[in-house]
1. Based on what the data block shows, is C:Lys67 farther than 23 Å from B:Arg170 by Cβ and modelled with pLDDT of 95 or more?
2. Please determine, by comparing only the residues of region D:127-141 that are of a type in the set (Ser, Thr, Tyr) and either without any contact (Cβ under 8 Å) to a residue 24 or more places away in the chain or open to solvent by 50 Å² or more (accessible area, probe 1.4 Å) (or both), which one is nearest to the other protein chains (Cβ to nearest Cβ).
3. Can you name the residue in region A:24-58 that is acidic (Asp, Glu) and more than 9 Å from chain F (Cβ to nearest Cβ) and, of all such residues, is least open to solvent (accessible area, probe 1.4 Å)?
4. So F:Ile116 clears everything in (1) within 9 Å of chain A (Cβ to nearest Cβ); (2) more than 17 Å from the chain's Cα centre (by Cα) except one condition, right? Which one?
5. Looking at region F:62-98, which of its residues are open to solvent by 10 Å² or more (accessible area, probe 1.4 Å), closer than 12 Å to F:Ala162 by Cβ and of a type in the set (S, T, N, Q)?
6. I'm told B:Arg21 meets every condition in (1) open to solvent by 60 Å² or more (accessible area, probe 1.4 Å); (2) within 23 Å of C:Trp156 (Cα to Cα) except one. Can you identify the failing condition by its number?
7. Check F:Met123, F:Met175, F:Met167 and return the single one that is more than 16 Å from A:Met175 (Cα to Cα), at the interface with chain A (Cβ under 9 Å from one of its Cβ atoms), open to solvent by less than 10 Å² (accessible area, probe 1.4 Å) and free of Cβ contacts under 8 Å to residues at least 60 places away in the same chain.
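The values are calculated or read from the model by the stated rules, or taken from the named source; none is laboratory data. If you're wondering where the values come from, they're calculated on a predicted model, not measured in any experiment. Because the Cβ atoms are built from the backbone with ideal geometry, glycine has one as well, and the counts that use them run over all protein chains shown. Surface areas here come from the heavy atoms of the whole protein model, side chains and all, with no ligands, DNA or RNA. Shrake-Rupley method; radii C 1.70, N 1.55, O 1.52, S 1.80 Å.
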Protein chains: 6
Amino acid sequence: MSQPISRFDIPKLADLPDDIRQLIETVQEKSGFIPNVFLALSRRPAEFRAFMAYHDALMDKEGNLSKAEREMIVVATSAANQCQYCVIAHGAILRIRAKDPLIADQIAANYRKADITPRQRVMLDFAMKVSQQAYQVSEADFAELGAVGLSEDDAWDIAAIASFFGMSNRMANVMSLRANDEFYSLGRG
Amino acid sequence: MSQPISRFDIPKLADLPDDIRQLIETVQEKSGFIPNVFLALSRRPAEFRAFMAYHDALMDKEGNLSKAEREMIVVATSAANQCQYCVIAHGAILRIRAKDPLIADQIAANYRKADITPRQRVMLDFAMKVSQQAYQVSEADFAELGAVGLSEDDAWDIAAIASFFGMSNRMANVMSLRANDEFYSLGRG
Amino acid sequence: MSQPISRFDIPKLADLPDDIRQLIETVQEKSGFIPNVFLALSRRPAEFRAFMAYHDALMDKEGNLSKAEREMIVVATSAANQCQYCVIAHGAILRIRAKDPLIADQIAANYRKADITPRQRVMLDFAMKVSQQAYQVSEADFAELGAVGLSEDDAWDIAAIASFFGMSNRMANVMSLRANDEFYSLGRG
Amino acid sequence: MSQPISRFDIPKLADLPDDIRQLIETVQEKSGFIPNVFLALSRRPAEFRAFMAYHDALMDKEGNLSKAEREMIVVATSAANQCQYCVIAHGAILRIRAKDPLIADQIAANYRKADITPRQRVMLDFAMKVSQQAYQVSEADFAELGAVGLSEDDAWDIAAIASFFGMSNRMANVMSLRANDEFYSLGRG
Amino acid sequence: MSQPISRFDIPKLADLPDDIRQLIETVQEKSGFIPNVFLALSRRPAEFRAFMAYHDALMDKEGNLSKAEREMIVVATSAANQCQYCVIAHGAILRIRAKDPLIADQIAANYRKADITPRQRVMLDFAMKVSQQAYQVSEADFAELGAVGLSEDDAWDIAAIASFFGMSNRMANVMSLRANDEFYSLGRG
Amino acid sequence: MSQPISRFDIPKLADLPDDIRQLIETVQEKSGFIPNVFLALSRRPAEFRAFMAYHDALMDKEGNLSKAEREMIVVATSAANQCQYCVIAHGAILRIRAKDPLIADQIAANYRKADITPRQRVMLDFAMKVSQQAYQVSEADFAELGAVGLSEDDAWDIAAIASFFGMSNRMANVMSLRANDEFYSLGRG
């Protein structure tokens, strides 16, 4: 009953533009496998490049949010959007970044009951509001962030990560993007 | 930041009625640990006994639904109800029952994209309707079940499992019931 | 156009296990009629026994909540779940327990406008949150209960009643359980 | 704990414009009591007159829908809007019009499980769609009405009744309009 | 692809009762065109008269709310109800009343981000609560209105406008009422 | 009461990286003004570049969807997300692309009642499903698209536009991004 990687066709690596093929090969060397999102998006080279540039601008930059915290945002909002690929793949990355085998499953199920700090709770409350009711975001939300030491720029980062993965969640659901088997056990110690 | 087992007090094993203490000790011998739900409910002996009797009547009985399928119902509806304990504990049981390390995480994130059979898809669609909009269940739903070979008695079983764990999900969220660390890695192969 | 008691078959009383038949006969003697829920559940003896034990553990025990208050919880949450049997049958019981012919219809329509005390309003707000968004229950809710003199154990009772009848509401809707004609006029004075 | 008729002030009958006072006195003679909606709206004479004219245009006119059927629409949509006054007052009128002591409570709790004809079921499904998601009404809905013999003009009537009482439900909730005690027992046989 | 004025038939002006024909002719002289709502409702003379009387009682009366503010309420709630006719026609009236070519489009898209005063923000928050969750309106809402100088009678006016146009929105969606082309550009300066 | 462009600071053009400043100057020459989204995003150069690259990959590419149709998707989904900037700015672009002064306001209010083709209706239904319930997208949706001649690649385009602007809508709401005054009247003929 195993499903395909995507309901859309996947190009052969050899047919991809050089920059995309090389990026995929680099990821494969580093991770030991090619995360399916790379394969699934590669049929649209311009979108692929913009997606990866956006992703890296949000997830790899310096800032007050730790890399584990950024992944918490991805997992919490992707669970609300019921995105199987994102919950499973970024759950794995969160376990690794946080060096915590439990945190991803906790946040995916109900972040309000997870082993997180009060600052992280406020961070995730804001991420979820951006994800689910952005039209109601108001100055009161920024004040709550400020009260736990999260700056205007942190607010932007949280919102941008929640928004970018909201896009990603929708596309993954439309393409029925399948998470690689490797992700399920990564970081479980 | 690790949270307690429950926000309510947990009696000492020695203070429990004999039948409950013995049941807990039996579970501990069999599983190697005491699932927290037993400890958390033990402060209310009459409710504990009824809960366990109900659980066993639904989950251990004979019937057309396999034990793995029953756990699929638990995981899918508990994810919709955002019950951390039930998703994580029954996710583990589902992995073991189905002998499949991937299925629980798939169903928890979005059962519509999981590696399940068409019959299981109809089963979970019905379970989710009972869980979320039972007031709209109609003969058309029974007809869809029948079309994949699920009988009137199977419909009852599916509905009863979704309903019973809907109760369990609510209580677990009210008590902030914590899943035992052991569950996270069980059945991952 | 009168509907049957349940869309599932109803066993003959003579075919039921002795304990269940006797319990039903006792209820009939006391009430003058057999509430349909007893007949509808009797086809599943193990579930019947667990259901009744659970019900009695929650509704007949001692505690700070009066029996009328417990029935208020049933009526308010059953109305939200659109359970015809529970609203009508427990509406009757509420009228009798509260010695008030108006209260059940008021609570069923909109408990926020009913003739209840501030303590009962907080009790019902909490019951409704457990019923509809249990995943968001937090310490702030317990504080609101405490402010009107409702203890931790009262909180458990409210939550357990809302959760148990949430299960019951779902099953009643799945079986299209019909309320006995007797219930409609009981307790109307 | 009994609440006032309305949270807004109620003029004295003697201070009302003649036409409104006379209309109220006529209702009182006919019914034996003054339904609170007349008192509560009388503080705004122009709105009072328009409201009553609209009400009578929809509820007293000739047409294919029986008067009982029109009251079914009121009760079903008012229950969805959680309007205590409308559910209780029009529940009484429905019992009288339908000469059926059970129908109002059934429809208020879950009209899908009520003792109604297939034509009435389609009528109420349409009324509920107009009440809750009018922006999605489409030609398919008119086709469903036509299939049970409900005409274009019947569709207008159903929609207008659901819409008018949607207005009434909102105002009654804003003013916390209390149903007269008399309504609860009327028509219960 | 241009749609008709209404999915229901439109009587000829000559066939209308005198008072309705004259009212329509007066509007036409004043506005330069006949807003389609007059034509669409004219097939039901009694409803037409009650509708117009209600409309004028709410929109043309004296009071603390300016005529522009009343139109803000119409536009905000009609947008939430996805009523094309009301958003476009009353958007035009709002631009004219407020002498502001931007305000209607802002409020239709998201009134929380519009160029309005704090008092108008509270007014629209209350109007939206009446429109969407009137059953939860409570004294706290009246206190918020009072804090920005909006009286009990203003509260009634806001609620009545939101409720009346909620009725109008539903009927306009059921009849697929088309906004006159003239409205789109009116008041854009 | 006019609001600022964004609640976040806006860099001076002179302080921006050369490529971003030049892109903005080019847009200004072409449009006669600088759409505020360029200014608001410029404080994050890497995100700015990825956003614009993604936008152009979706909106400027060849394909079966006309440029007007792509803007219809933006307007319909942005209205559902209550994004003032996107509804107003892309409403203007839609009017220009479609050479139709009415279409944008119609789609923003309720696309189901707009002057669009059956193919465009299916396109917008799919876009809205991706925007609001992507987790439920299934093969049945692709079949509906196919039935009006929309290919797999068109489905991807629709989904990607709805998803990308879902991200954009969220960020615009978080930053309270103000639409330039020029947009309101553009393309109204």
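1. Answer is no for this residue.
2. The residue in question is D:Tyr135.
3. The residue in question is A:Glu25.
4. For F:Ile116, the exception is condition (1).
5. Residue satisfying the conditions is F:Asn81 alone.
6. (1)
7. Every option except F:Met167 fails the conditions.
Yes/no matrix, rows are residues, columns are (1) of a type in the set (D, E, K, R); (2) within 29 Å of B:Ser6 (Cβ to Cβ):
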{"site": "B:Asp105", "(1), (2)": "yes, yes"}
{"site": "B:Ala109", "(1), (2)": "no, yes"}
{"site": "B:Gln120", "(1), (2)": "no, no"}
{"site": "B:Gln133", "(1), (2)": "no, no"}
{"site": "B:Ser138", "(1), (2)": "no, no"}
{"site": "B:Ala162", "(1), (2)": "no, yes"}
